[in-house]
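Asker: My structure is below; once you've seen it, I'll send some questions.
The values are calculated or read from the model by the stated rules, or taken from the named source; none is laboratory data. No experiment lies behind these values; they were computed from the predicted model shown. Here the Cβ positions follow ideal geometry from the backbone for every residue, glycine too, while neighbour counts run over all protein chains shown. When the accessible area is computed, the model is the full protein with side chains, heavy atoms only, and any ligands, DNA or RNA have been set aside. Shrake-Rupley method; radii C 1.70, N 1.55, O 1.52, S 1.80 Å.
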Amino acid sequence: MGAQLRVYKRRIKSVTATKKITKAMEMIAASRIVKAQRQVTASTPYATELTRAVTAVATGSNTKHPLTTEVEAPTRAAVLLITSDRGLAGGYSSNAIKAAERLTERLRGEGKEVDTYIVGRKGVAYYGFREREVTESWTGFTDSPTYADAKNVAGPLIAAVQRDTADGGVDELHIVFTEFVSMLTQTPVQNRLLPLSLDASAEEEDSAKKHEILPLFDFEPSAEDVLDALLPRYVESRIYNALLQAAASKHAATRRAMKSATDNAGDLIKSLSRLANAARQAEITQEISEIVGGASALADATAGSEK
């Protein structure tokens, strides 16, 4: 019985140490969420206004630009998948990977070849284990991305869109990332970055509903030159915002997973403590029974010798 009690005590000690680690990781993730949320809030208005400016240039002029012009019969698409460099975040990376898989299947169903670009070690490991081809990948910055990281990712993608498909270029650029909705909700989303979806009537209708006045733009020196300058910034800003959204989502998922692990560890400690107490009580009861039995046997032996 004593051996069983020692086993319970060792397990309680081990689970208690694990609980301390998961609690610390939960607190670290919670502190990082605040910073990530601020970065998302700061970057979103810039990306939104830049998108409106690019849309205004494309819709307010007769310029046909390769980055805003729809291809009549697109044959090749690029998909940028943003995952995490680290685990311990529940289903964060796997959910993003599943969304990318669904997008890839849909694009292939439309008769398009798909080039996959990946951010994060989890996505790279997933595709590498299954021996799937990855055009290019980036790792090491998913927890705290910078604009320089976004620019580094955007460069090859913009170049692929500008090249002809015969030379390895693509007709479309899609991005899959996890959008930060709240501390409890993070949703994998898929957006098409290029070519821009230009629907001026829909924008005007939406602005009318909001009682907004659309701004008027003058393009200098020309609309094409403005597009050449704005569109790389547009792609970089969109990717940067997606990286920040993904980072905030990852920290929130880590916090939730670590909180669940901490709570489970606490429940396991309570369960083991009850088992240890039961084992201790059984051991004490057995010792008392042995003492009483020994005293009774000694009393019987003494009484027999007196006769």
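Asker: Which one, Thr48, Ile33, Asn95, projects farthest toward the positive side of the charge dipole computed for the chain from Cβ point charges (K/R +1, D/E -1)?
Answerer: Ile33
Asker: Tell me, what is a quarter of the convex hull surface for the C-alpha atoms of the range 214-290, in nm² with one decimal?
Answerer: Over all viewing directions, the range 214-290 projects a mean Cα-hull area of 8.3 nm².
Asker: Work through the residues other than Tyr147 whose Cβ is under 13 Å from its Cβ and net out their charges, Lys, Arg +1 and Asp, Glu -1.
Answerer: Values: positive: Lys151, Arg233, Arg238; negative: Asp149, Glu236.
In short, +1.
Asker: Tell me, how many Å apart are the Cα centres for the range 1-57 and for the range 79-106?
Answerer: 18 Å
Asker: Moving on to the next point. Among [x] -0.51, -0.68, -1.18; [y] -0.30, -0.48, -1.19; [z] -0.41, -0.61, -1.15, only one was calculated for this model; which label is it, if the read-out is log10 I(q)/I(0) by the Debye sum over Cα atoms at q = 0.08, 0.10, 0.15 Å⁻¹?
Answerer: Checked against the structure: label [x].
Asker: What is the local net charge at Ala89, summed over the other residues whose Cβ is closer than 11 Å to its Cβ (Lys, Arg +1; Asp, Glu -1)?
Answerer: Summing Lys/Arg as +1 and Asp/Glu as -1 gives +3.
Asker: Taking amide hydrogens as modeled 1.01 Å from N in the peptide plane, which residues meet the under 5 Å criterion relative to Ile118, leaving out close sequence neighbours?
Answerer: Leu81, Glu136, Ser137, Trp138
Asker: Okay, next question. When only C-alpha pairs under 8 Å and at least 6 residues apart count, what is the relative contact order of the range 70-172, in percent?
Answerer: 34 percent
Asker: To continue, here is another question. Please go through the residue pairs Lys151/Lys259; Lys122/Lys151; Lys9/Lys259; Lys19/Lys98 and name each one whose alpha carbons sit more than 26 Å apart in this structure.
Answerer: Check vs 26 Å cut-off fails for Lys151/Lys259; Lys19/Lys98.
Asker: Pop out the carbon and sulfur fraction of the accessible area of the chain as a percent, whole number, probe 1.4 Å.
Answerer: Carbon and sulfur atoms account for 53 percent of the accessible area of the chain.
Asker: Any idea what the dipole of the range 1-108 comes to, in debye rounded to 20, about its Cα centre with Lys/Arg Cβ at +1 and Asp/Glu Cβ at -1?
Answerer: Values: 19 positive and 7 negative charges, 250 e Å.
The calculated dipole for the range 1-108 is roughly 1200 debye.
Asker: Separate question: What accessible area per residue comes out for the chain, rounded to a whole number of Å², with a 1.4 Å probe?
Answerer: Result: 56 Å² of accessible area for each residue.
Asker: For the chain, build the charge dipole from Cβ charges (+1 Lys, Arg; -1 Asp, Glu) around the Cα centre, then report which of Ala282, Thr187, Phe141 sits farthest towards its positive end.
Answerer: Ala282
Asker: Hey, another quick one. Report the relative contact order of the chain, percent, no decimals, based on alpha-carbon pairs under 8 angstrom and at least 6 residues apart.
Answerer: 32 percent
Asker: What is the magnitude of the charge dipole of the range 237-280 about its Cα centre, with +1 placed on the Cβ of each Lys and Arg, -1 on the Cβ of each Asp and Glu, and no other charges, expressed in debye to the nearest 20?
Answerer: 20 debye
Asker: To the nearest 20 debye, what charge dipole does the chain have about its Cα centre, counting +1 at the Cβ of each Lys and Arg and -1 at the Cβ of each Asp and Glu? Intermediate results must be reported in sequence, preceding the final value.
Answerer: Details: 39 positive and 39 negative charges, 473 e Å.
Magnitude of the dipole: close to 2260 debye.
Asker: Just to check, using Stokes-Einstein with a Kirkwood Rh over alpha carbon pairs, what's the diffusion coefficient of the range 84-152 at 20 °C and 1.002 mPa s in µm²/s?
Answerer: 164 µm²/s
Asker: Further, regarding this structure: Which three extents, in whole angstrom, do the alpha-carbon atoms of the range 24-137 cover along their principal axes, largest first?
Answerer: Ordered largest first, the range 24-137 gives principal extents of 57, 38, 20 Å.
Asker: May I ask what percent, to the nearest 5, of DSSP beta bridges between residues of the chain are antiparallel?
Answerer: Here the antiparallel bridges make up roughly 35 percent for the chain.
Asker: 5 Å is the cut-off here: which amide hydrogens, built 1.01 Å from N in the peptide plane, fall below it relative to Leu173, excluding neighbours closer than 5 in sequence?
Answerer: Ala78, Leu193, Leu194
Asker: Right, another one. Counting only residues 5 or more places away or on other chains, whose amide H sits under 5 Å from the amide H of Glu179 once H atoms are built in the peptide plane?
Answerer: Thr187, Val189
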